[in-house]
Amino acid sequence: MSRDESSLPAATGAKPSPEPWGQVSPPQDVEESTLRCQVLQLINDVLTDTAPEGEWARIQLRRLLAANPDEPERALLQHLISVTTTDLTDSPADDAPHRGLGRGQESSAPATPRYLPASPDRKGRKRITAVLGSRMLLTAFQPIRELPAGNVVGFEALARFVSRDGASADTWFREAAAIGLGADLEIAALHSALSAAREIPAHLFVAFNLSPATCTDPRVQALLESGQVALDRIVIELAGRVGPELDGLIRALGPLRQRGLRLAVDGSGAGAASRDQILQLVPDIIKLDRNFINGLIHPGEAQSPGVDVVELAEQTGAALSAEGIESQAELAAVTEAGLAAGQGYLLGRPSVHPLDWSAWIIEAATDDVPASAGNGNPGRS
């Protein structure tokens, strides 16, 4: 299953102001934007850090906040761009801290830094460690709707990164895994998502994507048990194919599942779990992607393991959920097939925008769902 599709777009620069900016406090009104809460928390993390090597970041962020006094999101976005796009060059061997601030801006870095060409691996490592070191991750949510009623029953949390090249979150995670930082980036994304999910109403579940290998990391158990979100509201979606870590995965998640945590696996697509793996994992949810949907819409034209998966769901007691619903015809097909839940652009795009989140939460509270919840061009979830 896909963690995400797109990264946050790079914003245009703004001329900074020399005015100081004090510590930012999160909003007190519980109805205020969860996105705003995330942004203000990240800003606080940067501004309250006392490490000398972070002085450049504090100077830059204060200037950007002063230039955008009513738009902390824009200020943080511009700061993120500086952090995540300076991997085109690398610093000398001593790794003296430096990030580009733009022409004419002050910096705590050396006045005339020397740069050496970076190898692709070093550039990738610098790109990932910049995000990890500054905890600069935002979370988007996509609604998951009960079928056929259409009411919102939960959300899938998706990581958002800032990059000029528009690289998807999957690209970021693959790059991190290739240089040995995959678990670190996944856990950082989980931490961000758990913090954001605290604002989701308590009667709704929240799904978080983790690779099977990362699920066995002790840090994951500690985060999930931190109390930010109750275990019986958490769904862990296995992202990627299950390999030799199957036994360790079962052992790691077993105690958490006994306390209410639920498990979702892919039943179709490139990362689908095998029949034996599903029988051993006994998942609570089996997710079916567009391969399955295409098989319903065009029988005979697309190969789909749908019949076997439906039988496995009946055998294990798992609920079936479709992702990537893009049209009314596809929605009708998965509903007729008896799937319990669905998500996709037709039912709600992944979003970091406050108005979208508020609308979905209001829908979940009132169960007043329109016949068609989708707007805009269709796409995949």
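Spin-label model, GLU225 to ASP49: label points 7 Å out along the Cα-to-beta-carbon direction sit 2.9 nm apart. Fully extending the segment from ARG174 to ASP308 would add 45.3 nm, taking 0.36 nm per residue of separation and subtracting the current Cα-Cα distance.
Protection proxy ranking for 291-297, 325-331, using the average of other Cβ atoms within 10 Å per residue and placing the highest first: 291-297, 325-331. Each peptide among 360-366, 214-220, 63-69 gets the average number of other Cβ atoms lying within 10 Å of its residues, and from highest to lowest they stand as 63-69, 214-220, 360-366. Modelled this way, with points 7 Å down the Cα-to-C-beta line, the labels at SER274 and SER327 are 3.6 nm from one another.
Each reported figure results from applying straightforward, stated rules to the coordinates on display, with no laboratory input. In this text, all values refer to a predicted model and were calculated from it rather than measured experimentally. Positions of Cβ are backbone-derived with ideal geometry, glycine not excepted, and every protein chain shown enters the neighbour counts.
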